[in-house]
Each structure stands twice: as structure tokens, then as C-alpha cells.
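Since the structure comes first, as C-alpha cells, the remarks are kept for the end.
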Amino acid sequence: MRDRTGNQCPRAEGAEGAGVRERRRGRAGRGAAGGARAGRFRADRASQVAAGSRQISQAVTQIDTAADALTAAVSRQLTATAAALVTAAQVTAQGTADVHTAAGLLDGLRATTHWAHTDVLAARFPRVAVDPDVLYVDNGSVLTSAGKAAALDLCLHLVRLDHGAAVANTVARRLVVPPHRDGGQAQFVTTPVPAPESHPLADLLPWVLERLDQPLTVEDLARQARMNSRHLGRHFRAVTGTTPLQWLLAQRIRHAQELLETTNDGMERIADATGMGTATTLRRHFHRTVGVPPDTYRRTFRS
């Protein structure tokens, strides 16, 4: 406030200064109150976070305990399942094909048994379509397998159908067996060479086996046996049950199997040693004959 001369009035100046100081004190008071509230909020928030952390920790502990209990229960169940599968495999392998066929359950159906007995089974039960190449046959209500190991394959197949691949794989790991084996019985079948005796091919067969790395033809074999190709074919069927070329290919494959099992030779070197020419030709004939690629065969028999 000013007087008539325009000078500031002292009383007014004092009153105005007091008002300013009062407003400043008010703002300061409100700031202090706000700071106190913020401090209480932060304290409450920290308390809530601590309580939530304790709850989470307790929940994790409970989950871990439940998971351990579930794992133990599943482990016990899988152990029992594995033991049951072994027992089932032993029972399955003990002549199930003969039992089923004797009862007429396999008439008109495919079936298998151990490769050493497939010819006998086919001769005894001509109404059954005996498949000597597979590990097991699933006809729905009637199932057959080839040998005890193949019976485990069949049991794992049933577990896979009923409970899924994950459970079957877990059971397979518990049994320390593959969850699914590639190929069929062909990879386990030996290819016997006729024993030396008095037949027209007695001298020819050993001669061929010593020259599997060479590109032999039917004419080469006929020339060595001193007979024409037609007579050679008839003698081969009588002695080996197959044609000259099929027998020769079987011996090349057998030799390739031996090299895959006992050496670290590459595919090209094995192809040269078996007269296949190239690795591509070896892989094609081997896969078609044995049922699995050469690399898979090597891993199976050298693992």
C-alpha cells in the first residue's frame, strides 16, 4: 500500500510480508505431511512385497514337495509297468504265434515269429500270411512278435497306443531299450552259405565269396562253373533257393554288414570292398534289403 506521495506504507509492507511468510509455512507444513504420507506408503508397500514374497516362497515349496511326491509315484508306477512289460514280453515270445494259429485265430491274417521259425510256421499253418521281415504284427485283437526283444517292441507299441508316445518313451528309457526300432527282422537275420558238399555249386560259391569286391555277372559265374546261364539258374535255385544275382547281392550285403559292424570304413570304401561301386548304390540296396540305412545299422550294432 502506498501513501499520497507514492511511498510504500510500512504497516502495509509488514502485513504483506507476514502473509507471505504464513503462506510459506503452510506450504512447508503440507510438504511435510505429504512426505510423511509417502513414507508410510513406501513402508506399507515394502511390507506387502515382503508378505507376497513369503507367500510365493511357501507356494514354491509346496509345489516342489508335490512334484517330488508325484515324481516318486510315477517312478514307482513306471518301474511296475516296465517289470510287467518284461514279463509280458517273455510270455508273448513263448510261441504265441503257434498258440494263436492252432486256435485258428490267425487264419487269413498276417503274423510273424522268430526268423528262424517262420518257414516252419508257414508250412504248418498255410492259412496264415507269415511275414518274416517285421518285428511284430498288430491285427487289432491278435498280435504276434518275433522273439523276446521284439516282444518288448510290441509291448511298447501297445503302451504308445494306450498312453501316448511320451509315456512309451519314458518306459523305454526305464527299460534301457529304444522306444522304437527302425527296420525289421531282416537286419538281424544271418545269410547262411550252403555247407560244402557234393552239389554242382560246391566249388563256385567259395570262389564267388573270395571275389565280392569284383563286378561279377551271371555270365562270369556260369563260365567259372562251366555251364550255361540257364543251368546255372536251376542249380542256384535248388541249392540256395534263389537266383544267382539275388544270392550274389545277398552275399555283398552280408559282407557290408560285417564291415559296418567291425570297421570304421566309410561308405565309399565299403562299397568298393563289396562290389557295389558307389556309396549311393550301397545305400540303396542295403536299405531295400535290410530295412534300414547303413549308418543306422552301424549305430545299432556298435552301440
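A short reminder: the numbers here are calculations on the coordinates, not readings from a lab. All values derive from a computational prediction rather than experimental measurement. FYI the Cβ positions are ideal-geometry reconstructions off the backbone, even for glycines, and counts take in every protein chain you see.
For the stretch 272-291, the residues whose amide N sits under 20 Å from a probe point set 7 Å from the Cα of ASP220 along the beta carbon direction are 272-286.
Under a Cβ-Cβ cut-off of 14 Å, what is the net charge of the residues other than VAL159 that fall near it, where Lys and Arg count +1 and Asp and Glu count -1?
0
On full extension, the segment bounded by ARG234 and ARG284 gains 15.2 nm, given 0.36 nm per residue less the C-alpha separation. Footprinting exposure proxy ranking of MET276, MET267, MET227, fewest other C-beta atoms within 10 angstrom first, gives MET227, MET267, MET276.
Under 5 Å between amide hydrogens, built in the peptide plane, is the criterion, and for LEU143 it picks out nothing among residues at least 5 positions away or on other chains.
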